[in-house]
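For reference, the structure discussed in these notes is given below.
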Amino acid sequence: MGSVSFFAFLPGFILLYTFFLFSWNSWNHFSCQINETLIKETADVMVSTGLAKLGYQYVNIDDCWAEHDRDSQGYLVANGRTFPSGIKALADYVHSKGLKLGIYSDAGYRTCSSKMPSSLGYEKKNAETFAAWGIDYLKYDNCNNGDLKPIER
């Protein structure tokens, strides 16, 4: 579970809003041992056990979901062995359960596992891809960035 806080400024008031994101993330238990079936089964269990009714709404795929390299057009591609239906179909499945799908990327050249390409130099392309797939949440790390400061990127 994570939380998000933001400030709202009204004349004479500063309000702090905090809300919690009840979610499941694949990394801590499964690391890179993830696949489409695992994500679907997790969504099913979140609904069947009542977790969704308690506020759990995000099923988040962490690192290692993509092929080792981008396609010839420079797009990220789901690993065909572990996610054979692709991420769009998986997002549609998770959405059909009334849940939201999150995905992982990184601000560097490669993700923290170094097993897949990341976003540095491809930020717009990745954002468009994630939107086209119906991704609802992005977990964003900052590994393998060549020691570039964010302002230099």
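Quick notes on this one:
- In terms of distances greater than 22 angstrom between alpha carbons, the cross-link table entries Lys97/Lys124; Lys40/Lys124; Lys88/Lys149; Lys40/Lys139; Lys115/Lys139 yield Lys97/Lys124; Lys40/Lys124; Lys88/Lys149.
- Sorting Tyr140, Tyr104 by the number of Cβ atoms found within 10 Å of their own Cβ, with the fewest placed first, yields Tyr140, Tyr104.
- Amide H contacts of Asp106 (H built 1.01 Å from N, in plane; Pro and chain starts excluded): Ser119, Asp141 sit under 5 Å, all sequence-distant by 5 or more or on other chains.
- Of Asp44, Asp106, the sequence from fewest to most neighbouring Cβ atoms within 10 angstrom is Asp44, Asp106.
- Less than 5 angstrom separates the built amide H of Asn60 from those of Trp24, Asn25, Ser26, Gly102, all sequence-distant by 5 or more or on a different chain.
- Mean separation of Cα contacts under 8 Å (6+ apart) over length of region 16-69, as relative contact order %: 56
- Likely footprinting exposure, Ile34, Ile61, Ile103, fewest C-beta neighbours within 10 Å first: Ile34, Ile103, Ile61
Readers should treat all values here as calculations from the given coordinates under stated rules, not as data from a laboratory. Just so it is clear, the structure is predicted and the values come from calculations on it, not from any experiment. Heads up, the Cβs are rebuilt from the backbone with ideal geometry, glycines too, and the neighbour counts pull from every protein chain shown.
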